[in-house]
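Down below is the structure, laid out as structure tokens.
Values in this text are rule-based calculations from the coordinates and carry no lab data. These numbers were taken from a predicted model, which means no experiment stands behind them. Cβ placement follows ideal geometry from the backbone for every residue including glycine, while neighbour counts extend to all protein chains displayed.
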Amino acid sequence: MTGAAGFVGRRLVARLVAAGHEVAGLVHGTGRPALDPDGEGTGWQAVMGDLLIPRDYEPALEGVDTVIHAAAATGKATPEHHWRVNVEGTAHLLDAARRHNVRRVVHVSSIAVRFRHTKRYPYAQAKQEAERLVLASGLDTVVLRPTIIVGPGAPVLQALERLARLPIIPVFGDGRAKVQPVFVEDAVGAMVAAAETDRRWTAPLDLGGPERLTIEAFLRAIARARGHVRRRTVHLPLSLVIPPLIVGEAVAFRFMPLTVGQLATFRCDGIGDLPPDFPPDAVPRTGVAQMLERSIADE
Ligand SMILES: NC(=O)c1ccc[n+]([C@@H]2O[C@H](COP(=O)([O-])OP(=O)(O)OC[C@H]3O[C@@H](n4cnc5c(N)ncnc54)[C@H](OP(=O)(O)O)[C@@H]3O)[C@@H](O)[C@H]2O)c1
């Protein structure tokens, strides 16, 4: 699997090992204390390397049955970086998987590929193209499109919490875009099930939690989970917020707190369910209040 040191990847490795699989995980950055670079004593083999340098990880693909591709450039990065890692990195991995006769590739995409506003959202554009490559690869593939993934240390949750913590919560736009957050342990369970099953799906599968709510209601739920019961919200029209962000991104990208692309969650519905023929034990069941409670308790 790739992305083994990431927010999702760390849990995925643990779940695969617990299920009795022999796991090799691609680790990009170094200095993560939880990881032993030799893989000794962790129950899995950590392969240090870069998706863009296939020789880093090709030897580890020898004899591999299934690849779960969870690595991605996910945060604030230039469009070029998103494209290189998420498109070219995926293309290299698919080529390598083909050379090593991998049985199945589970590709972790994102619900953002379905957003209407991706023009200034390089992450979503790159994930769209990566999906296209995966589906055209000729390999046996399962494409999963998670919605917002919530859990202890979730990057998206941290960003939304910064807003929910303010005395008056700013909501970009009308706040009516719908979200369907999925608990990280549920998302990981679905990824493992997609790897284990022989069932085939030719179209991408949405991977959302059991509840749909507006982004404004989700922000209020985050505030409530933090004990802020009576927070007010103020709506900031997108027509006022987006133009200065566009200018800011052009002249001071590194210093911008938020990108226009990241605002897409406030503008587009990010919802969807697994299909009815997905293994029933792996369908997400953790509700929003419970996932927030568990995220905060385990911080
Ligand atoms: N979290 C969400 O809400 C969410 C929602 C929908 C979809 N997803 C998808 O779920 C997957 C996991 O996301 P996440 O939240 O766990 O993100 P994350 O914490 O940023 O993890 C991504 C991992 O990919 C690695 N990576 C980045 N560039 C790489 C490269 N060139 N070579 C090898 N590895 C590289 C990162 O390593 P370094 O940090 O060391 O570079 C990181 O460990 C991603 O595909 C993401 O698009 C996430």
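Shape analysis of the range 196-253 places it in the oblate category; the axes a ≥ b ≥ c from the Cα gyration tensor give an a/c of at least 1.5, with a/b not above b/c.
Between G89, G208, G138, the GNM of the chain built on Cα springs shorter than 10 angstrom shows G138 fluctuating the most. The Cα trace of the range 7-297 gives Rg and Dmax of 19.2, 58 Å, the first to one decimal, the second as a whole number.
Going by neighbour counts of Cβ atoms within 10 Å, the residues R212, R226 line up, fewest first, as R226, R212. Every helix of 4 or more DSSP H residues in the chain counts as -39500 (n - 2.57), and over all residues that averages to -10500 deg cm²/dmol at 222 nm. Return the loop-located GluC sites (Glu not before Pro) in the range 33-126 (DSSP other than H, G, I, E, B) with at most 16 other Cβ atoms within 10 Å of their own Cβ; answer none if there are none. Of the GluC sites (Glu not before Pro), the ones in loops of the range 33-126 whose Cβ has at most 16 other Cβ atoms within 10 Å are E40, E62. Axis of helix 184-196 versus longest Cα principal axis of the chain: the two differ by about 30°, to the nearest ten degrees.
Leaving out same-chain residues fewer than 8 places away, which aspartates and glutamates sit with a Cα under 12 Å from that of K127? Here the aspartates and glutamates satisfying the reach criterion relative to K127 are E88. Legend: ranking of residues S109, S239, S295 from fewest to most surrounding C-beta atoms inside 10 Å; resulting order S239, S295, S109. Counting neighbouring beta carbons within 10 Å and listing from fewest to most, the residues M48, M191 come out as M48, M191. For the range 143-211, run through the trypsin sites (Lys or Arg not before Pro) and keep only the ones in DSSP coil with at most 14 other Cβ atoms within 10 Å of their Cβ. Qualifying residues, ordered by number: R165, R176, R199, R200. Compared with the dominant principal axis of the Cα atoms in the chain, helix 122-135 is inclined by about 30°.
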